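First the structure, in the form of structure tokens, and then the observations on it.
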């Protein structure tokens, strides 16, 4: 089978500022799928003021951004197009 | 593999496999290869025993690559073995360490997952066990150890990234590690497990906020390790007990090792803090391994002199 690709997939970083935002983030994983938590390992481990990094597939990034904005949760995007960064990780000559 | 093994590049499993074979064959006086089990997909799991004394009373166990996508972890284990051999005759500190204690290095625990992360899904975390009746594949090996298994943050859902398996040590990769450690428990004084990312030096407990009896000692050692790391390139590593420094978790290997009586048990979370995450570029492999090498040597000297 062909390898999974991550074109236009994004990695978000948020830092919940209160319990309401913590709960929102915990629920996000049940509303939007798939979400792959890079840090912490799962949504259950999210606590207030923790930097949370998570991967969202390309087809869900607009939804996630909209939900974060609607809930006034500040976010940054660590990876805009994950596939490009995957391709950059290894020395191009060797690839 | 048609590609050449390199310590400053990420190597795939065929490259690592042939490297394990080669390094043991070329350095028989210092290195021996031991098969400790097979993976779910029946790949051999190897351990490299590094040290001059065959019957040394002290040993440090190091495992790498429990989580498949954390590629810098097995890169470090390969680097460590290379540096140990290279500096044995040149660095009096390394010579003293290897003359008086052994290292048991598992270069790659989760081989099946690692292969999958190279070929099918770069961000695969678990192993490739499909023993559950569910369609979802894989167990988080770092939730599969028999220490308050299946509680705290572990999931019983096979589709979750932190699925802890059907029972403690249900996975052959976990069993291979625990069986070897059990059979060498009298000599193993320290356990180190290498992960990424987030730049931390952690110690038990993870499954409770309670402090371990030797908390002050472990905290001091973690602080010293972090200081050693920072001395080279200025990278700041946080340190502390797992539960309070990151988050509570259960079924983790460092807690398990501690509960077996290995009172110097540490988890290293290598570079970086999110800029690259699991995609740490190859250009940072060397620096990352060099700084962690200092920390491991710092801990090894303590174990050698104090335990």
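Tabulated data
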{"read-out": "Any hit, region A:61-75, residues being within 12 Å of chain B (Cβ to nearest Cβ), surrounded by 13 or more Cβ atoms within 10 Å (Cβ to Cβ) and under 26 Å from residue B:159 (Cβ atoms)", "value": "no"}
{"read-out": "Output for region B:262-278, where each listed residue is within 14 Å of another protein chain (Cβ to nearest Cβ) and touching a residue at least 24 places away in the same chain (Cβ under 8 Å)", "value": "B:267, B:269, B:270, B:271, B:272, B:273, B:274, B:276, B:277, B:278"}
{"read-out": "Helices (runs of 4 or more DSSP H) completely within region B:152-261 that count 1 or more residues being within 13 Å of another protein chain (Cβ to nearest Cβ)", "value": "B:242-245"}
{"read-out": "Residue count, region A:11-30 (criterion: part of a helix (DSSP H, G or I), touching a helix residue (DSSP H, G or I) at 6+ places or on another chain (Cβ under 9 Å) and within 14 Å of another protein chain (Cβ to nearest Cβ))", "value": "4"}
{"read-out": "Boolean, residue B:228 is in contact with a helix residue (DSSP H, G or I) (Cβ under 7 Å, 6 or more places away or on another chain) and surrounded by fewer than 24 Cβ atoms within 10 Å (Cβ to Cβ)", "value": "yes"}
{"read-out": "Qualifying residue in region B:126-142 (condition: within 30 Å of residue B:56 (Cα to Cα) and in a loop (DSSP other than H, G, I, E, B))", "value": "no"}
{"read-out": "Candidate set from region B:119-151 (those that are buried (at least 21 other Cβ atoms within 10 Å of the Cβ) and facing another protein chain (nearest Cβ under 10 Å)); member that is farthest from residue B:251 (Cα to Cα)", "value": "B:122"}
{"read-out": "Sole residue being more than 22 Å from residue B:7 (Cα to Cα) and at pLDDT 95 or above, chosen from B:113, B:138", "value": "B:138"}
{"read-out": "Conditions (1) within 12 Å of the chain's Cα centre (by Cα); (2) surrounded by 15 or more Cβ atoms within 10 Å (Cβ to Cβ); (3) without any contact (Cβ under 8 Å) to a residue 40 or more places away in the chain; number of the one not met by residue A:13", "value": "(3)"}
{"read-out": "Qualifying residue in region B:70-89 (condition: at positive phi, in contact with a helix residue (DSSP H, G or I) (Cβ under 8 Å, 6 or more places away or on another chain) and in contact (Cβ under 8 Å) with a residue 12 or more places away in the chain)", "value": "no"}
{"read-out": "Flag if residue B:241 is touching a residue at least 40 places away in the same chain (Cβ under 8 Å), in contact with a strand residue (DSSP E or B) (Cβ under 9 Å, 6 or more places away or on another chain) and within 30 Å of residue B:168 (Cα to Cα)", "value": "no"}
{"read-out": "From the options A:33, A:83, A:45, A:21, residue that is closer than 19 Å to residue B:125 by Cβ and buried (at least 19 other Cβ atoms within 10 Å of the Cβ)", "value": "A:45"}
{"read-out": "Scan of region B:28-69 for residues that are on the phi > 0 side of the Ramachandran plot and buried (at least 18 other Cβ atoms within 10 Å of the Cβ), ordered by number", "value": "B:37, B:51, B:65"}
{"read-out": "Any hit, region B:76-91, residues being within 15 Å of the chain's Cα centre (by Cα), surrounded by 18 or more Cβ atoms within 10 Å (Cβ to Cβ) and not in a helix (DSSP H, G or I)", "value": "no"}
{"read-out": "Criterion: more than 8 Å from chain B (Cβ to nearest Cβ) and either out of contact with any strand residue (DSSP E or B) (no Cβ under 7 Å at 6 or more places or on another chain) or within 30 Å of residue B:244 (Cα to Cα) (or both) - qualifying residue of A:49, A:45, A:80, A:89", "value": "A:49"}
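The values are calculated or read from the model by the stated rules, or taken from the named source; none is laboratory data. All values reported here derive from a predicted model rather than from experimental measurement. Counting neighbours? That spans all protein chains shown, and the Cβs are built from the backbone with ideal geometry, glycine included.
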